[in-house]
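Just so you know, all these numbers are worked out from the coordinates, no wet-lab data involved. Since we're looking at a predicted model, the values are computed, not measured. Reconstructed Cβ throughout: ideal geometry from the backbone, glycine too, with neighbour counts over all protein chains shown.
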Amino acid sequence: MPVLHTADLHLTEKDEDRWSALDELISLARQHNVSALVICGDLFDHDTEAEKLRGRLRASFGSGDFQTIILPGNHDYKAYRSGLYFGDKVSILDNWEEPVEVGEMVIWGLPFERLSTEKMVSRLKDLSTRMNPERINYLLFHGELLDAYFSPEDMGDEGEQRYMPAKLSYFADLPVRHVLAGHFHSRYAAWNLPDGGLFIYPGSPAAVTRREMGIRKANLVSPDGKASELTLNTAHYENLVINLDPFSETAPLDQLDQMLQDLHPRARIILSICGFFNGAALGLSESELVEVVRSRTENHVVDQLIIEFNDVQHILEDDLFKQFRKKLSDKDYTRVQKDKAEKMLINAFRGVK
């Protein structure tokens, strides 16, 4: 009875990368012969998307032999009106008192509500009395784990508001194998529950904001209860930084070529080029260097290009600068210390000139 766990797809009518992520998840669910695909909140970017997208979703969810279980999240909790049909093998966990049974598993859910801390604790205690400890119980949850010490940016584009805040201690006495969660976008992360099992965020399966860096993951729970990360071949952001050094023997464009060679093909690049370069040595002006960078990256998706470099040829040719640098080279400093001093010296000369 394997379970494939994801969350925070934030489907829209126009973003095909997120639909591609859903297609891959469904393919993985078939490949691993899972009993259930659980989506722990924010399947839709907005509740109004549900009406427009249900037809396409029915076709997607109908392509596997597993049960799909959807938990309402803070973005789409209004989308699941009573009686809406998402497919024959799709269940909506919109009532915390009514779990879904899949084989020997009992899957419970805490659909999004605006609950106070006291109400959250009370709700979990009520759940613990309803769960049969002799069964294989899972709890789906969409909210913020306060023990995790992450920033609001880790939740995607949620702002400062907190949604369903909970602590690991709140889940004590719940006879669950794992708490399968959503709302934390940044990465796959897991914490130990007080009475055994894990609280697991899989991260968003395709990047929703630029803050979701790195290859995306899903969570696969095997029949024996072991949770493991599955790497996804989906859209995500990568932050590439090139620090130009006018004294380096390594050509900056060689650095860029190596970074691009190692990139995942679905990566969207945030490329920052900073520092100083010697235009005369490279045979390039600042504007020409920018054009070369654009040419080298034309086969990749550069979502943002941040230019923070300066040509310091005129400083390097200054006699006073050469004298300072000669004295610096005679000092018994480490290479890191000398690099730092050279950059400070360049900045000082830039201020004067």
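Observations, loosely collected:
- Residues Leu25, Leu263, sorted so that the one with the fewest Cβ neighbours within 10 Å comes first: Leu263, Leu25
- Segment 84-141 shape via C-alpha gyration tensor axes, a/c threshold 1.5: oblate
- Counting only alpha carbon atoms, the long axis of helix 319-330 and the longest principal axis of the chain meet at about 70°.
- Counting every C-alpha pair in segment 236-352, the share spaced more than 25 angstrom apart comes to 31%.
- Working from Cα pairs under 8 Å separated by at least six residues, relative contact order for the chain is 13 percent.
- Efficiency of FRET from Cβ geometry, Glu308 and Arg81, R₀ 56 Å, rounded to 0.05: 0.65
- Order by protection proxy (mean Cβ within 10 Å, highest first), peptides 54-60, 116-122, 76-82: 76-82, 54-60, 116-122
- Here the sum of -39500 (n - 2.57) over DSSP H runs of 4 or more residues, divided by the residues of the chain, equals -9000 deg cm²/dmol at 222 nm, to the nearest 500.
- Inter-site label distance for Glu13 and Val241 at 7 Å from Cα along Cβ, in nm: 4.1 nm
- Overall, segment 3-231 carries a charge dipole of about 180 debye about its Cα centre when +1 sits on the Cβ of Lys and Arg and -1 on the Cβ of Asp and Glu, all other atoms neutral.
- The alpha-carbon atoms of the chain, seen along their principal axes, cover 82, 40, 35 angstrom, with the largest extent given first.
- Angle between the chain longest axis and helix 117-130 axis [Cα atoms, degrees, rounded to 10]: 50 degrees
- Between 0 and 90°, nearest 10: helix 49-61 axis offset from the chain longest Cα axis: 80 degrees
- Compared with the alpha-carbon gap, the fully stretched path from Val121 to Ser285 is longer by 52.8 nm at 0.36 nm per residue.
- Mean-position separation - Cα centroids, segment 17-72 and segment 233-289, in angstrom: 38 Å
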